[in-house]
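Derivation of every value follows stated rules applied to the coordinates shown; laboratory data play no part. The shown structure was predicted, so the numbers you read here are calculated from the model rather than taken from an experiment. Cβ coordinates were reconstructed from backbone atoms using ideal geometry, including for glycine residues, and neighbour counts include every protein chain displayed.
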Amino acid sequence: MEQPEGFKVPGSSNKVYRLLRALYGLKQAALAWNKELHKSLLKLNFKHSKSDPGVYIFQDKSGIMLFIVYVDDGLLMSNSAKLLKKKKTAFLNVWEAHDMGPVKEYLGFQITRNRVKRSMVLHQHPYVLKVLKHFQMENVKHVRTPLPAGYQPSTAPKDYNASPTIRQWYQSVIGSLLFVMLGTRPDIAFAVIKMSQFMANPTEEHLQKALHIVKYLGSTPNLALHFSGGASSLDCYSDSDWAGDSETQHSTSGYTIFLGNDLVSWRSRRQPTVALSSTEAEYMSMCDCAQQILWIKLLFQECHLSLQHFMMFGDNKGAIHIAQNPVMEGWSKHISIKYYFLRECIEKQIFMLDYVPTDQQKADMMTKNLTWQKFQDNRLRLNLLEFKS
Amino acid sequence: MEEQKKWEQACKEEIKSIEDRNVWTLVDCPPDRKPVKCHWVFAKKLDGRFKARLVAKGFSQIYGEDYDETFSPVTHFETVRLLLAYVCQNDWEIESLDVKTAFLYG
């Protein structure tokens with residue numbers, strides 16, 4: 001590396017530095033650091049999780065401790081205050097770190113906790129404000145939904161080639177929205193995933209609609225995920241929109257997963273293959289959801305956390321029927337082998353499957369652009385509410 | 001004038017921190033290699049501290065010549081929400097920390 005400006009070594013200004021260790025900005029910097037951190041956590045007798053590479057687990061007679069790592073941010077959790085203090089002190093002996101005490105913020109999530117009520121509020125309000133300012137949308141007209149009800153974007157015409165300016169602008173809007181969506185805003189998941197399909201060649205129309213989502217954030221900057229505990233069961237809602245993509249006829253899968261009352265996981269995605277019926281689309285969607293349940297189960301086992309009941313709910317009786325019964329009727333014959341994985345999960349009783357009426361469905365908004373009334377109902381069912389500062 | 005001195009001081013501290021950790025040694029540049037450039041990043045912290053950080057311009061590195069492995073595993077947001085929800089229900093202790101001069105350790 002060249003010598004830094006203002007600190008050239010007198011008489012050796014032609015020489016360069018050979019780097020023995022990583023420095024900020026180097027391509028391999030993050031990895032090099034992560035390897036060191038990994039080693040020192042193993043030395044402190046933590047076990048590395050297989051289901052999430054950022055999680056380290058310690059257990060002994062005094063209790064359980066979990067250490068979550070995201071580059072240089074650490075989150076420490078334990079059911080024993082003594083154990084947490086002991087391990088933290090040992091860690092601080094090896095690493096120079098700011099000890100920030102009881103959690104208030106992690107990965108840009110603002111965290112407010114009420115220990116008496118055992119509740120928690122999570123939001124990204126400061127980041128949302130930053131996004132609004134960046135795109136100069138602080139004082140725009142309010143909108144009630146992320147995208148207009150039933151809106152269907154269309155791909156750019158064949159001869160259209162997006163200018164680098166619009167492409168860059170578009171990608172930056174979608175990037176900011178993705179971060180908020182993945183963090184604490186399931187209500188924009190469908191809209192963001194939909195619009196992110198046009199990243200490669202966005203038109204002016206696409207940009208306007210992506211900014212519509214930003215406007216929606218501007219109209220609802222105070223929405224926060226509210227955790228209030230409840231039973232320690234995992235309730236998963238699966239839904240699909242058959243042939244929802246008007247151009248390709250692909251269907252959309254969506255799910256929302258609750259730990260007790262708390263929404264912890266959500267996803268919206270366009271299915272990779274065409275479904276021939278709404279039953280098939282729903283069946284595929286339930287498979288996506290099942291994979292996520294299996295992963296959560298593994299994570300909890302590794303962390304020594306007990307979770308008793310696993311439920312999946314769908315609103316398509318036909319799909320539930322083929323999942324629960326070894327039927328092989330003509331119309332379901334073609335469903336790809338990999339999707340029979342769902343039937344196997346049910347046979348092994350990894351989770352139970354049950355019917356939920358459409359009006360109690362909690363994953364509707366993951367699969368389509370709803371009308372305001374339905375959107376609002378669904379949003380309330382996610383415990384996504386305004387926070388009081 | 002006062003500020004300039006503080007920035008100079010901050011740079012000196014950063015260089016000292018780098019040298020204390022034996023991050024580099026001064027050598028002649030091998031004839032077939034091009035040194036990576038670096039620059040200073042300055043930040044005034046909320047608590048009034050002046051922080052200077054020396055940053056390598058990693059984008060000028062060439063894959064296979066200057067580096068090979070880069071992937072660094074990170075946690076999923078879902079994991080954070082799942083565990084927070086569970087431990088909050090069960091009234092566990094939750095604390096956070098932020099490791100300093102993170103990349104100097106590798």
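Listed values, structure above:
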| read-out | value |
| --- | --- |
| Cα long-axis angle, helix A:204-219 against chain A (0 to 90 degrees, to the nearest 10) | 80 degrees |
| Estimated 222 nm signal from helices in chain A, with DSSP H stretches of n ≥ 4 weighted -39500 (n - 2.57), rounded to 500 | -11000 deg cm²/dmol |
| Cut-off under 5 Å, modelled amide H: who pairs with A:V71 long-range | B:T75 |
| Ranked list, fewest to most other Cβ atoms within 10 Å of each Cβ, for A:E2, B:E3 | B:E3, A:E2 |
| Vicinal HN-Hα couplings computed from phi for region A:370-383 (Karplus, 6.51 cos²θ - 1.76 cosθ + 1.60; Hz; Gly/Pro x) | 8, 6, 4, 4, 5, 4, 5, 4, 4, 5, 4, 5, 8, 6 |
| Karplus (6.51, -1.76, 1.60) ³J(HN,Hα), θ = phi - 60°, over region A:123-130, in Hz, Gly and Pro reported as x | 8, 10, 3, x, 5, 4, 4, 5 |
| In nm, spacing of pseudo-spin labels at B:V41 and A:R167 (7 Å Cα→C-beta vector) | 2.7 nm |
| Rounded if a/c under 1.5, otherwise prolate or oblate - the protein assembly as shown, Cα gyration tensor axes | prolate |
| Gaussian network model of chain A, springs between alpha carbon atoms under 10 Å - residue of A:D159, A:D52, A:D245 with greatest fluctuation | A:D159 |
| ³J(HN,Hα) computed for each position of region A:87-95 - Karplus, 6.51 cos²θ - 1.76 cosθ + 1.60, integer Hz, glycine/proline x | 5, 5, 4, 4, 5, 5, 6, 8, 10 |
| Cβ-based exposure ranking for A:C236, B:C29, B:C38, in which fewest neighbours within 10 Å come first | B:C29, B:C38, A:C236 |
| A:K47 long-range amide H proximity, modeled H, under 5 Å | A:I57, A:F58 |
| Cα-based helix-to-principal-axis angle, A:164-183 vs chain A, degrees rounded to 10 | 90 degrees |
| Charge tally in the Cβ shell below 15 Å around A:R167, where Lys, Arg are +1 and Asp, Glu are -1, A:R167 excluded | -2 |
| Estimated distance in nm for a label pair at A:N45 and A:E247, the labels positioned 7 Å out from Cα along Cα-to-Cβ | 5.8 nm |
| Inter-chain Cβ neighbour average for residues A:89-99, partner chain, 10 Å | 3 |
| Order of A:T248, A:T145, B:T75 under a 10 Å beta carbon neighbour criterion, fewest first | A:T248, B:T75, A:T145 |
| Amide H contacts under 5 Å for A:R21, placed H, 5+ residues apart | none |
| Between region A:1-68 and region A:84-125, the Cα center-to-center distance that results, in Å | 21 Å |
| Degrees, to the nearest 10: A:278-302 long Cα axis against longest axis of chain A | 30 degrees |
